[in-house]
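As structure tokens, the structure follows; a few thoughts come after it.
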Amino acid sequence: MASLAVVGAGVVGVCTAYELARAGHQVILVDRNTGPAQGTSARNGAQLSYAYSDALASPSLLSHFPDILLGRDPAYRVRLQADPEFLLWGLRFLLNAGQGRFLDNTRYLLGLAAASQSTLTELLGRHQLQFDYAVAGKMILYATPEAFAGSRPGCELKAGLGYPLERLNRDEATAIEPALTAYRDPIAGVVYSPQDAVGQPHLFCEHLISVMQRQYELNLLLGQSVERIEAKPGRDVRMRLSTGETLVADAAVLCTGQTAGLAKGLVAPGTSWPVQGYSMTVPALGDAMQVSITDVKRKTVFARIGNHIRIAGIADIGSRNWTFEAERLESLRQSAYEAFGGCYDVGPDAPLEPWTGARPMTPSSRPIIRRDSRTGLYLNLAHGALGWTLALGSAAKVTELIADGIR
Ligand SMILES: Cc1cc2nc3c(=O)[nH]c(=O)nc-3n(C[C@H](O)[C@H](O)[C@H](O)COP(=O)(O)OP(=O)(O)OC[C@H]3O[C@@H](n4cnc5c(N)ncnc54)[C@H](O)[C@@H]3O)c2cc1C
């Protein structure tokens, strides 16, 4: 039995800790926050998008790029930076937007998502976790015939991999999800994936930690930051905590989300960049959606979680040091009002439960899951817009790497 440290108790770190504990290791899970999933995992879009794990850099995004740069799409904001790392990331992102790379990257992400989906099914067979989980299905709404046609190659790829996707017209989709009646704009076509799910990652993390504390060897250290790590292949890993203590483990996995901070120096410049988004969680009204919905035109997602609707969107690219901006939340509120105004309360006096977070995005959208040969540290981070969907699959992958490394 090895003692393994996992740094970061977001959804990726908690899933990694779980997989390692199940593999029979003693796990130390450390996070600087006082509870799990208080970073990007806190209030994301809540979608487990197993069939829609598409890479962000795509031909359709590329064709839309001039509008984004000119500020004609309120869902995106690009602030160009005279920062070599940003420029390198941006260039590599654009190089990933061709059809070939897009399909390769999406195929990779779908594989990781499929592993996550089957792992979650097995996990829920072992433990009862309350996290507003529902296999609600997902609909992707396309506003124009061109946009709908552009989704065809991705659908063909997924159909070839066995995903039961349906391409529907508005009436067919409305027969499945009556809330589409309330949608005010044209819908040229809908891609429906009945097996996609929703759930709240922070509740999932809290409950999974309770399971680990009851059934496995978990040492949970919250409210303690790892300030420095000394690591060399074949040696113990020594971690200096903010409390002044030194933690010693046989190996360590960095699940710190962003590639700044502890992971800086372990990844090449331009490997990931934060793409900031916002969410609000509002009371569902009578005819609110049950199926989770992605509105491609507005780049906004709607997920039913219990009696509430989680609405998430906005992709602001540019600033390393992102902060909450009320005007951007207002843009999301306005967009949600225009889309399905009667399905939930987003009025001026509604309790919006506003939240912002940043998706650490690699140019290919593939997360970084590997062993660093110079230090022997393991990395499981930069999951971009899909960390909730991919967390269990990437946890299984890094657990395999660790098993190979300590064999
Ligand atoms: C607006 C928005 C909507 C999204 N919607 C979805 C969605 O619908 N579906 C989906 O699959 N994904 C979605 N995502 C993406 C998803 O939320 C992230 O990919 C995921 O939460 C990343 O999890 P993580 O554990 O890697 O990172 P985090 O949740 O950020 O966790 C990293 C943890 O590491 C800790 N940490 C960092 N450095 C240290 C240190 N030195 N010492 C101790 N602790 C440290 C932090 O405190 C933090 O708790 C969305 C993201 C955003 C922003």
Counting just the residues of segment 9-48 that are near the ligand (Cβ under 6 Å from one of its atoms) and farther than 22 Å from residue 259 by Cβ, which one comes out most open to solvent (accessible area, probe 1.4 Å)?
-> 47
So which residues in segment 141-182 are of a type in the set (Lys, Arg), assigned to a helix (DSSP H, G or I) and touching a residue at least 24 places away in the same chain (Cβ under 8 Å)?
-> 158
Where a residue in segment 238-255 is touching a residue at least 12 places away in the same chain (Cβ under 8 Å) and its partner, wherever it lies, is outside any loop (DSSP other than H, G, I, E, B) and among the basic types (Lys, Arg), with Cβ under 7 Å and at least six apart | 240/228; 248/238
Does segment 361-401 hold any residues that are polar (S, T, N, Q) and either near the ligand (Cβ under 10 Å from one of its atoms) or without any contact (Cβ under 8 Å) to a residue 40 or more places away in the chain (or both), and which are they?
-> 380, 389, 394
Picking from 300, 294, the residue that is within 13 Å of the ligand (Cβ to nearest atom), modelled with pLDDT of 95 or more and in contact with a helix residue (DSSP H, G or I) (Cβ under 8 Å, 6 or more places away or on another chain) would be 300
How about segment 1-118: which helices (runs of 4 or more DSSP H) wholly inside it have at least 2 residues that are modelled with pLDDT of 95 or more?
-> 11-22, 84-95
Is it true that some residue in segment 70-86 is away from the ligand (no atom under 16 Å from the Cβ), of a type outside the set (Phe, Trp, Tyr), touching a strand residue (DSSP E or B) at 6+ places or on another chain (Cβ under 9 Å) and free of Cβ contacts under 8 Å to residues at least 40 places away in the same chain?
-> yes
Among the residues of segment 243-287, count how many are closer than 30 Å to residue 74 by Cβ, open to solvent by 50 Å² or more (accessible area, probe 1.4 Å) and away from the ligand (no atom under 12 Å from the Cβ).
-> 3
Within segment 118-131, is there a residue that is touching a His at 6+ places or on another chain (Cβ under 7 Å) and open to solvent by less than 30 Å² (accessible area, probe 1.4 Å)?
-> yes
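Rundown of residues vs (1) out of contact with any Leu (no Cβ under 7 Å at 6 or more places or on another chain); (2) of a type in the set (Ser, Thr, Tyr); (3) within 30 Å of residue 31 (Cβ to Cβ), yes/no style:
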site	(1), (2), (3)
156	yes, no, no
159	no, no, no
167	yes, no, no
187	no, no, no
199	no, no, yes
222	yes, no, yes
232	yes, no, yes
236	yes, no, yes
241	no, no, yes
Answer with yes or no whether residue 300 is of a type in the set (Val, Ile, Thr) and open to solvent by 20 Å² or more (accessible area, probe 1.4 Å).
-> no
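The values are calculated or read from the model by the stated rules, or taken from the named source; none is laboratory data. Because the structure is predicted, anything quoted here is derived from the model rather than measured. With ideal geometry, Cβ positions are generated from the backbone for all residues, glycine too; neighbour counts draw on all protein chains shown. When the accessible area is computed, the model is the full protein with side chains, heavy atoms only, and any ligands, DNA or RNA have been set aside. Shrake-Rupley method; radii C 1.70, N 1.55, O 1.52, S 1.80 Å.
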